Amino acid sequence: MTRDDPPPTPALTAFHEQRPDWSAVPEAADGLEHATVEVPLDYADPAAGRLTIALSRRRATDPARRRGVLLAVNGGPGGYFGLGRRFPDALAATPLAEVYDLIGFDPRGTGASTPLLALTAPRRVPVDSRPPDAVFADLAEEAREREDGNQRGGGAARAHFSTRNVARDMDVVRAALGEDTVNYLGYTYGTYVGAVFGTMFPERLDRSVLDSCVHPDWTWREQGMAQGVAHRENVEVWAAWTAGRDRHFGLGTSPAAVLEAVEETAARVGALPDGARLRTLLDSALGWRAADRSRWEQLGLLVGELRAADGPAAEKALAGERLWPPEETGEVRGGVLDAVILEKDWPSDIETYFADVRLFRDRYPYGCGVTRAQPLPGAFRAFTAPEPPVELVRDGYPAGLVVHADGDPVDHYPGGAALAERLGHRLVTVVDCGGHEIYAFARNPGVDAVVEAYLIDGVLPASDPRCPSTVPRPQIPADDSSRSTSRPDSRSGSDSGSGSGSGSGSRPYSDSDSDSGSERRLV
């Protein structure tokens, strides 16, 4: 068990002594195997119930060079877009497959593991990137009803779906595989899982790579709200680029003028029939297209098109955009996300949420960032976590790598920088990039080479590498190459208002940011 756990009991030892019964996956003719292991629902009371954890494995293709197992986790909390058991397939074409047994697993409550379910609650208020005060009460009631559905679906078991217990499950998997140590590759929520595992089981972790990182000090609410800041920063970088190409876009010759044109367009679209939905689609497009440098021209042309569009034209122009979170269907849904995020505290004063919604709709509407500021189930949580969050440290396992794109819209870049500093890892920055989950997925040769040199040969770079993005900006000449197109001077940027400090009191946004009418935000 961990340094802060009591000595293992015979009941816990039995979990570590089990051995998976691997079976070939019939539809996969290339060596993929499936198995399961059992873990306690509650490690403090192993007799209280058991969960099944679904595993997958691809054995190292070069047994003579095999150096152990590589566990991988991404997605979540709760497995949203997580690969889980499919991870070995995702990594099969990389050189890692030659030297590692690739191990995937569905974390407790997700995928083919024992599920944690919740009852679906109907949405009271449509997704709105700039909700008026008149709907605040309904937003709060919607969050209360969602937490009630969580509790009715999951009950008392919910308290045991935590990152600490995912890390303990990983140690059971390690022991069941007969390994003294594991190597680890984590993305997004998986970066936090890996850092928690290293803190709790330092003697069990060898090499580790954390890609697109969670901030070591933010609450889950602050982590989500930082998405709005990241989206705005990407919009500001796009606005600076667009301002240098006014002959092409006609949106203004300064970043501030482009942002003003964006806000005028948003106001105009919002005044059309069904305007709140259309404006929300536009705000979503602004956030996500600004992150993807290859879509910068599309975004500029979209804003220009909407400046004079009527309702049908706006509907057509925005038809391909999607809103987050999507409407849920069916009577039940996955309940892990809403359980795990309760392991950290949430404000209990509902007015805190309303004040943040006002700030976010004014400064951070892009990418629908306001949905992270509004009341969520944590405001009405049905249980207090039985254990405090882990204070992350690296004491007893080797230094590794942190990989992070500087414009990541999902996990804000200061999180990666702070985690690398906290753990003493090398920080690999992907420059001028709005990407998310880079190694093996972004086809970035610079990043892939650094990660593989470390995981395969144990070679850490001598300093923190900076790798160029593989997603280029559109090749549209600037109006005047001598004209400065630097970012607007905004205190919401990554230098001051983005919560880049690593202290526990830092915030991912600032309510004292400038209140220029041309500046808004997204989620």
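Each value in this text was obtained by applying a stated rule to the coordinates, not by laboratory testing. A quick note: this is a predicted structure, and the numbers were derived from the prediction, not measured. A quick note on method: Cβ atoms are made from the backbone with ideal geometry, for glycine too, and the neighbour counts reach across all protein chains shown.
Structure summary
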quantity: J(HN,Hα) series, segment 317-333, from Karplus relation 6.51 cos²θ - 1.76 cosθ + 1.60, nearest Hz, glycine and proline x; calculated: 5, 9, 4, x, 7, 10, 9, 10, x, x, 5, 8, 10, x, 8, 10, 8
quantity: Student exercise, the chain dipole from Lys, Arg, Asp, Glu Cβ charges, in Debye to nearest 20; calculated: 560 debye
quantity: Cα gyration tensor shape for segment 148-221, rounded if a/c is under 1.5, else prolate or oblate; calculated: oblate
quantity: Selection from HIS425, TYR454, GLY378 lying farthest towards where the dipole of segment 373-463 points positive, charges on Cβ; calculated: GLY378
quantity: Relative contact order for segment 344-385, counting Cα pairs under 8 Å that sit 6 or more residues apart, in percent; calculated: 52 percent
quantity: For segment 379-456: rounded, prolate or oblate by the Cα gyration tensor [a/c cutoff 1.5]; calculated: oblate
quantity: For segment 191-271: rounded, prolate or oblate by the Cα gyration tensor [a/c cutoff 1.5]; calculated: prolate
quantity: Relative contact order (%) - criterion: Cα under 8 Å, at least six apart; region: the chain; calculated: 19 percent
quantity: Acute angle (nearest 10 degrees) that the helix 136-154 long axis makes with the longest principal axis of the chain, alpha-carbon atoms; calculated: 20 degrees
quantity: Sorted peptide list for 470-477, 326-333, 145-152, criterion being average Cβ within 10 angstrom, highest first; calculated: 145-152, 470-477, 326-333
quantity: Burial ordering of LEU71, LEU96, LEU272, fewest other beta-carbon atoms within 10 Å first; calculated: LEU272, LEU96, LEU71
quantity: Value of Rg/Rh across segment 38-77 [Cα atoms, Kirkwood radius]; calculated: 1.16
quantity: Residue exposure sequence - LYS316, LYS344 - by fewest surrounding Cβ within 10 Å; calculated: LYS316, LYS344
quantity: Euclidean distance between Cα centres, segment 160-187 to segment 241-282, Å; calculated: 48 Å
quantity: Percent breakdown of C-alpha pair distances by 20 Å bin, ordered from the shortest bin, for the chain; calculated: 22, 53, 23, 1
quantity: Counting DSSP beta bridges with both ends in the chain, the antiparallel % (nearest 5); calculated: 40 percent
quantity: Computed helical MRE - 222 nm, the chain, DSSP H runs ≥ 4 contributing -39500 (n - 2.57), nearest 500; calculated: -11000 deg cm²/dmol
quantity: Between helix 220-243 and the chain: long-axis angle, C-alpha atoms, 0 to 90°, nearest 10; calculated: 40 degrees
quantity: Ranked LEU210, LEU323, criterion: other C-beta atoms within 10 Å, fewest first; calculated: LEU323, LEU210
quantity: Relative contact order (%) - segment 1-129, alpha-carbon pairs under 8 angstrom, separation at least six; calculated: 20 percent
quantity: Student exercise, segment 1-137 dipole from Lys, Arg, Asp, Glu Cβ charges, in Debye to nearest 20; calculated: 240 debye
